[in-house]
Amino acid sequence: MSFKSIFISVFLGTALIVTALIFNAKRPLTETDQPSPDFVRATGKCATCHRRETAAVVHQFEHSEHAKHGVTCLDCHQAAENQETQAHRGFTIAKHLTAKNCSGCHSTEYTQFLRSRHAAPAWAAVTGAKDFTPEQIAFAEKYHKGAVNRPANRLAIAEGESAINVGCLGCHDIGKPNTDGSIGTCTDCHARHSSSIALAREPETCGQCHMGPDHSQLEIYHESKHGVLYNAQKADMNLKASPKTLTTSDMSVPTCVTCHLSGLDGLNVTHDTTERLSYWLFAAVSDKRPTYQQGQDAMKETCLKCHANTQVEKFYKEAEGVVADTNLKIVEAEKLMKSLREEGLLTDTAFDEAIEFLYFDLWHYYGRTAKHGAFMGGADFVQWHGNYELLLKMTELKEIARKLRENDKKQ
């Protein structure tokens, strides 16, 4: 073979290798970031039985970070203090797993979670204070006054027990008090056997609860530029990155967790979803939180990882303007309802008259939607799903009030 032929062969071979490397580098993470053939394979009696009976949980565990770090089934399923036990094929395990089992290794995350509204305030928003110990109530009230030491939800009671158990508590059980003294369940966000950080980062995970007319965060997110970019670029993101070392290189577009919980380019990580919030947006009239300034500063720090300071300040000024204007509209409706009660035109029983549902929809659905839309970049939710509905419902409220007064004069 001539020198020229050898040179051409070497050149072409090198070119093919370089081309292959370039194409491989451009492949999305969903293709390249797959478990290698030697990923951790579960062994032992637990895996042997469950591979036959509930194979999916074994498969999920084998792909988890727990498996990679040598965590065994019994490490999680053994009973913690004050937990009821059961015999299970030669083992003694906890009958029910709770946040207490996770807190044995993740104590910092659990402590942060206890300070959040995802903890005791979530359950109490439906059932009131009756299921909590005095110590649990006192702890939660330090951070969220009136959020736990309260009566049961009157609307939920009117809807009935099945609606509460299968509906309301399907989401609010994230803060359920457990018989072992702990509160909540980490698996609502992380799933049981995959214990996945990537899953917790998905907007749809938050959207299991944060969706619908009264808190349409998921719908707003997907309308926003953040959501559009995330859906377009998700395949190129490293959703498995540790929250403590997460960078904008891993995720150049935020999801709910990026802004509300995760570290980003050196920022602190937290499991307290309220740390970066500045207003009580869920309330009828949204006042500033006691931690308004530090909450807003913390969230702005996150925003500044991607946006210029002028953009961030403009965004907050406009969002706060929507909150202020929405508050004025809700206050007007509140005054109207109060005057009708003072005139004896409404009963003292909650949710027994149509106008009460109309007023509830006005603030609980449309007022909240306008405010959340403003803080999450959802223009359509600020206007058509928010302010238009506020205008319509206020007009309907006034019409009903006029007829009630007219009828009262005729009697």
*Amide H to amide H, which residues 5 or more places from His88 or on other chains are under 5 Å from it, using H placed in the peptide plane?*
Ile93
*Return the single residue from Leu246, Leu328, Leu261 with maximal mean-square fluctuation; model: Gaussian network over the chain, springs between Cα atoms under 10 Å.*
Leu328
*Within the chain, longest stretch free of exposed GluC sites (Glu not before Pro) [DSSP loop, at most 14 other beta carbons within 10 Å]*: 85-342
_Amide H contacts of Ile183 (H built 1.01 Å from N, under 5 Å, at least 5 apart or other chain)_ = Asn178
*Indicate the helices, whole DSSP H runs only, in the chain that combine a mean Kyte-Doolittle hydropathy of 0.5 or more with a Cα extent along their long axis of 20 angstrom or more.*
3-25
*How many nm separate the modelled label positions at Ser249 and Gln311, each set 7 Å beyond the Cα in the direction of the Cβ?*
2.1 nm
*Label assignment, volume of the Cα convex hull per residue in Å³ derived from the structure, set (1) 222; (2) 193; (3) 147*: (2)
*Just grab the label-to-label distance for Ser242 and Glu318, each label 7 Å out from Cα along the Cβ direction, in nm (one decimal).*
3.8 nm
*To the nearest Å, what is the center-to-center distance of segment 258-274 and segment 52-83, using C-alpha atoms only?*
27 Å
*Computed [θ] at 222 nm, deg cm²/dmol, the chain (DSSP H ≥ 4; -39,500 (n - 2.57); rounded to nearest 500)*: -15000 deg cm²/dmol
*Report the extension gain between His96 and Leu392 in nm, rounded to one decimal, defined as 0.36 nm multiplied by the number of residues separating them, less their alpha carbon distance.*
101.7 nm
*Equivalent ellipsoid semi-axes, segment 215-352, via Cα gyration tensor eigenvalues times 5, rooted, Å*: 37, 16, 15
*Using a 1.4 Å probe and counting only protein heavy atoms, arrange Thr302, Thr43 so the residue with the most accessible area comes first.*
Thr43, Thr302
*For Leu304 and Arg41 in the same chain, what is the full-extension length gain: residue separation times 0.36 nm, less their Cα-Cα distance, in nm?*
90.5 nm
_Can you give the FRET efficiency to the nearest 0.05 for Asn231 and Asp380, using r as the Cβ-Cβ distance and R₀ = 25 Å?_
0.90
*Pull out the extension gain between Thr48 and Leu328, defined as 0.36 nm times the separation in residues minus the alpha carbon to alpha carbon distance; nm, one decimal.*
94.5 nm
_Accessible area of segment 136-212 with a 1.4 Å probe: how many percent of it is carbon plus sulfur?_
58 percent
*Arg150/Leu358 FRET efficiency (R0 25 Å; Cβ-Cβ; nearest 0.05)*: 0.55
*Averaged per residue, what accessible area in Å² does the chain show with a 1.4 Å probe, protein chains only?*
57 Å²
*Report, to the nearest whole %, how much of the accessible area of segment 286-411 belongs to carbon and sulfur atoms, 1.4 Å probe, protein only.*
54 percent
*Treat each spin label as a single point 7 Å out from the Cα along the C-beta direction, and report the Ala191 to Glu159 distance in nm.*
2.7 nm
*asked:* Of the candidates Thr98, Thr179, Thr258, which one comes out as most mobile in a Gaussian network treatment of the chain with C-alpha springs shorter than 10 Å?
replied: Thr179
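The values are calculated or read from the model by the stated rules, or taken from the named source; none is laboratory data. Everything numeric in this text was worked out from a predicted model, so none of it was measured. All Cβ positions, even for glycine, are placed from backbone atoms using ideal geometry, and neighbour counts span all protein chains on display. The area values use the complete protein model at the heavy-atom level, side chains included, leaving out ligands, DNA and RNA. Shrake-Rupley method; radii C 1.70, N 1.55, O 1.52, S 1.80 Å.
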